Amino acid sequence: MSPFLLCLFLLGAFAFAWQVNLNEQYILDYDEGVFLISARMATLGYPLFTSVFSSQPPVFLEILALAFRLFGDTVTVGREVMIFFSLTSLGAAAWISWRLVRPIAAPLAIISLGLPIVFFRQARIVQAEMPALAFALLAVGATLSFKQTGHRKWLAVGGLFFALGGLCKLLIVPMIVPILFLFVPEPPSNKTERWRFPPIRPSLFPYIISNILIFGCAGLAAILLATLLYNFPSAYDQVISFHIEMRNHFQLNRLQNLFLFGQLFQMEFGIILLAIAGIAVLFRKNPVVAVWLCVWTAATGLFLTNHSPLYLHHVILIFPPLAIAASASVILISDFWQKPWSKLLLLITLFPLVSYGPDSRIRLTIRRDLMALTETVPNKEQEYEVITLIRQHSKDTDLVISDQQMQVFHAGRQTPPQLCDTSYARVMSGYLKDEQAIRASEQARMIIFWTNRLANLPQYRQWVRSHYHLLRKFDGTRGVLKEVYVRD
């Protein structure tokens, strides 16, 4: 089977696997509910930033809203959008490996990026990280195509893709480092597989600067267009100022962030070993590419280590350079294929298939990932009872508020645009105050306390109790308030 057909087969296999239980609610789905209900309100004509509070740039929500307009606003449609971007990320990683290493490396890049449990789970959870990563990887691939073909149209395409990634989520900022790196080294010639740095000469600088300008202008045009479509002061306040304030509230803990990396790398030790083998091979065959991958990994790792707060879904950013490095290990096999002992080298391609479980046992990665697709939600019966209560006690056009927005979305109801996001970060940073929540809730039919987020607004909670009557109270673990209120 040719590398291209093998890549298509692998992408199809991942796409098929991710369809399992696609309409089920996830264990860690708070942000997912926020994005889904925000996109629904956007389709109803409520503009982002001025009506719908959004702590992320607009492109992902606009893509999600477009999908809802075309196919209906359901959980399945939202997650199919995520699967599309996840497959795009895998395809872009394969594209980079194809050009940077060899075509035969592309299938291994797909396996090495798709199997880590963080990526595999995140592949279908509705959050902004995966679309941002997909666009950023396409930007890397386009810039790499410019480097190998000399066609500057690829620079403009790369700049546009990178801007779209940043307009989904600013988390992809460190990926500008490997892109800028590609403006300098020269690709291999017909005589050698090695990339090299050209000798420093004055005539080189105008060429590099012009390349950066083409890339930058294409990206800047997309960013300027986006700013013209929205209220800039509101967008800046929610996307930039809010995160600055949030960072001030959440203390940076580098040791904790490093511990999270350590846990993930321990779990995915097979892929880490394969990445180390690939880097070792590249340092012998193509040291510039080896350095490039190391710089990419280091820049991303340094950025995430200094990120506060750092959540598990942020860490998918570190896996693409590791996957591409892992794919380079196939050079060993192809270079020594004629040797009698070379067939043993095929065993290194099995490294991504093993992982380290929390029970300190070696596991098959595929089995672990497939089991994750069928995980059940804790207190699932309570969640669906709440959804039933919402449907019984409200009409389609009624406003329903919950600090677990997935409940409102599943029930097919609307929520006040300013309360699409009731996150801990927004409450604790002062971007959602009692008076704001009360004002936004005046026309609501039902209000649900479920995750202790809204319970952190004591005056709001008191106001709800004085204006609504308690319909149902559920048992909550660890002091979590679970109450359903309905207006008389």
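Quick note: the coordinates plus some simple rules give every number you see, no bench work behind them. Values in this document were obtained by computation on a predicted structure and should not be read as measured data. Note that we place each Cβ from the backbone using ideal geometry, even for glycine, and neighbour counts take in every protein chain shown.
Observations
- The Met371 and Leu70 beta-carbon pair, evaluated with R₀ = 30 Å, returns a calculated FRET efficiency of approximately 0.35.
- Gain on full extension, evaluated as 0.36 nm per residue between Asn248 and Arg391 minus their Cα-Cα distance, stands at 47.5 nm.
- Each Lys or Arg adds one and each Asp or Glu takes one away; over the other residues whose Cβ falls under 14 Å from the Cβ of Ile96, this sums to +3.
- Fewest-first ranking of Trp292, Trp95, using other Cβ atoms within 10 Å as the exposure measure: Trp95, Trp292
- Partners for Lys380 among aspartates and glutamates (Cα-Cα distance below 14 Å; same-chain residues under 8 apart left out): Glu24, Asp29, Asp475
- Extreme residue, positive dipole direction of the chain, given options Leu171, Ala444, Pro103 (C-beta unit charges): Pro103
- Shape of the range 18-155 from the C-alpha gyration tensor: oblate (a/c of 1.5 or more and a/b not above b/c, with a ≥ b ≥ c the square roots of its eigenvalues).
- Note on Ile331, Ile37, Ile83: ascending count of other Cβ atoms within 10 Å places them as Ile83, Ile331, Ile37, the fewest first.
- Electrostatic tally near Asp398: other residues with Cβ closer than 15 Å to its Cβ, Lys and Arg +1, Asp and Glu -1, net +3.
- From least to most packed, judged by other beta carbons within 10 angstrom and beginning with the fewest, Glu383, Glu442 follow the order Glu442, Glu383.
- Labels on offer are (i) 0.94; (ii) 1.00; (iii) 1.03, and the one holding Rg/Rh (Cα atoms, Kirkwood Rh) computed from this structure is (ii).
- Computed from Cα atoms, the angle from the helix 75-100 axis to the main principal axis of the chain rounds to 20 degrees.
- Computed from Cα positions, the angle between helix 458-467 and the longest principal axis of the chain comes to roughly 40 degrees.
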